[in-house]
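Structure, as structure tokens:
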Amino acid sequence: MNKLKGVFAALLIPYDKDGKVNHEKLEKFVEYNIEVSGVQGLYINGSTGEAFMLDSEERKEILKTVAKAAKGRVSLIAQVGQLNIYKALEEAKLAEELGYDAISAVTPFYYKFSEEQILEYYKTIAESTSLPLIAYYIPLLSNVTFSMATFEKLFKIKNVAGVKFTATDLYTLERIKAKHPEVLVYYGFDEQELSAAVYGIDGFIGSTFNVNAKRAVKLHELVQAGKLKEARELQAEINDFIDVVLANGLYAILKEIIRQEFDMETVYCRLPMTQDISKYADEAKKIRDKYLK
Ligand code: NAY
């Protein structure tokens, strides 16, 4: 099986109260993802990792710790995209040195970049290593939308191998996969995995897979086998779990679930996210007992 296919968790990062990454706990988060949750890969320094609030040195240290902790057991994709493209290039080169399987880059955001500027950004990052590049398309957070014509131009760039499509526009998703079967397409809304999977996409990258990847892997297999009734039942079960997670501060509750497994001291989110996750302790325990045992 292609190493880049399958269910990838957008890795959560444990922070200390002062906002620093806790690397000891990060190793445990990686362990949990691989051994308990059952991920097939990890997507590092994405939205779930709160990476757009980190500086580049912190992101590089995370890339190192994750590579060390994963020990080649699962595929690794390093999200390197950011507004400082020079730092993105450094992170991309580091990912290659560390043996990552691919790099990814969010669309450049904040300024209203032209299509030409966005494509040039991707070309520059893609050329900086020999790794495949997965474009990270998340209009909900980046406010950047692509037309189909822009996707077509993007896929022509050397080393651009795929797209992480985190949008609810399933029409465009279908068009991308149907017209570009060779492009690796990942879907980024865990609660709609089934709807995306029917288009024959290659993988899923999401936050809830940090703790609930086995069901997602099973769902993908059911769809591939054409067992849609069972797949629908499983998506309903997954969404019962996601409903509770979303009602409890998404990243916070997921971190609390992992913290409890290893009985670690409190972990935090990074400011300006609400830092304190301890209030979710009881709910996290209930979720573990009900959905994750
Ligand atoms: C990333 O880079 O962290 C992601 O892939 C994020 C994907 C998630 N989207 C957001 C906006 O957090 O997994 C999804 C999402 O949390 C899940 O579907 C629940 O809504």
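Each reported figure results from applying straightforward, stated rules to the coordinates on display, with no laboratory input. Remember, it's a predicted structure, so these values are computed and weren't measured experimentally. Counting neighbours? That spans all protein chains shown, and the Cβs are built from the backbone with ideal geometry, glycine included.
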**Q.** Calculated log₁₀ intensity ratio I(q)/I(0) where the Debye formula runs over C-alpha points of the stretch 173-232, q = 0.16, 0.19, 0.27 Å⁻¹
**A.** -0.47, -0.65, -1.16
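Using DSSP loop states and a limit of at most 15 other Cβ atoms within 10 Å to flag GluC sites (Glu not before Pro), what is the longest stretch of the chain containing no flagged site?
On the way: sites that count: 182, 265.
For GluC sites (Glu not before Pro) (loop position, at most 15 other Cβ atoms within 10 Å), the longest site-free span of the chain is 1-181.
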Q) How long is the stretch 41-110 along each principal axis, judged by its Cα atoms, biggest number first, in Å? A) 36, 22, 18
Q.
Output needed: percent of Cα pairs per 10 Å distance bin for the stretch 2-225, bins running from 0 to the one holding the longest distance.
A. 8, 37, 38, 16, 1
Q: Would you kindly derive the ³J(HN,Hα) couplings of the stretch 172-185 from the backbone phi angles with the Karplus curve 6.51 cos²θ - 1.76 cosθ + 1.60 (θ = phi - 60°), listing them in order in whole Hz, with x for Gly and Pro?
A: 5, 4, 4, 4, 4, 5, 5, 8, 9, x, 7, 7, 6, 10
Q. How long is the stretch 249-293 along each principal axis, judged by its Cα atoms, biggest number first, in Å?
A. 32, 19, 13
Q: Calculate, in nm to one decimal, what residue 83 and residue 53 gain on full extension: separation in residues at 0.36 nm each, minus their alpha carbon distance.
A: 9.6 nm
**Q.** Approximate spin-label separation residue 263-residue 174, in nm, with each point projected 7 Å along Cα-to-Cβ
**A.** 5.2 nm
Q. How about residue 229: which lysines have a C-alpha closer than 25 Å to its C-alpha, ignoring those fewer than 8 places off in the same chain?
A. 5, 177, 214, 218, 290, 293
Q | Largest-first ellipsoid semi-axes for the stretch 47-172, taking √(5λ) over the Cα gyration tensor eigenvalues, angstrom | A | 23, 15, 14
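Within the set of other residues whose C-beta is less than 11 Å from the C-beta of residue 206, count the net charge using Lys and Arg as +1 and Asp and Glu as -1.
-2
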Q. Toward the positive end of the charge dipole of the chain, about the Cα centre and with charges on Cβ (Lys, Arg +1; Asp, Glu -1), which of 81, 7, 278 goes farthest?
A. 7
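Using the beta-carbon distance between residue 293 and residue 71 and R0 = 41 Å, what value does 1/(1 + (r/R0)^6) give for FRET efficiency, to the nearest 0.05? Please report the intermediate quantities before stating the final value.
Values: r = 27 Å, r/R0 = 0.65.
The formula returns an efficiency of 0.95 here.
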Q: Step through the residues of the stretch 215-226 one at a time and calculate ³J(HN,Hα) from phi using the Karplus curve (6.51 cos²θ - 1.76 cosθ + 1.60, θ = phi - 60°), rounding each to whole Hz and writing x for Gly and Pro.
A: 5, 5, 4, 4, 4, 4, 5, 4, 5, 4, 8, x
(Q) For the stretch 126-146 and the stretch 224-293, what is the centre-to-centre distance using only Cα atoms, to the nearest Å? (A) 27 Å
(Q) Nearest 500 deg cm²/dmol is fine: what mean residue ellipticity at 222 nm does the chain get from its DSSP H runs of n ≥ 4 alone, each adding -39,500 (n - 2.57), divided by its residue count? (A) -14000 deg cm²/dmol
Q | Partners for residue 153 among aspartates and glutamates (Cα-Cα distance below 12 Å; same-chain residues under 8 apart left out) | A | 115, 116, 120
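Would you mind telling me the antiparallel percentage of the DSSP bridges in the chain, rounded to 5? Walk me through the numbers before you get to the answer.
On the way: 3 of 32 bridges.
Given both bridge residues lie in the chain, the antiparallel proportion sits at roughly 10 percent.
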Q) So how far apart, in nm, are the two label points at residue 250 and residue 233 if each is 7 Å from Cα heading toward Cβ? A) 3.0 nm
Q: Report the charge-dipole magnitude of the chain in Debye, nearest 20, computed about the Cα centre from +1 at each Lys and Arg Cβ and -1 at each Asp and Glu Cβ.
A: 500 debye
Q) Under unit Cβ charges (Lys, Arg +1; Asp, Glu -1), what dipole magnitude, rounded to 20 debye, does the stretch 1-153 have relative to its Cα centre? A) 320 debye
Q | Inter-label distance for residue 276 and residue 141, nm, one decimal - labels placed 7 Å from Cα along Cα-to-Cβ | A | 2.5 nm
Q. Suppose R0 equals 25 Å; then what is the FRET efficiency for residue 112 and residue 167 from their Cβ-Cβ distance, rounded to the nearest 0.05?
A. 0.85
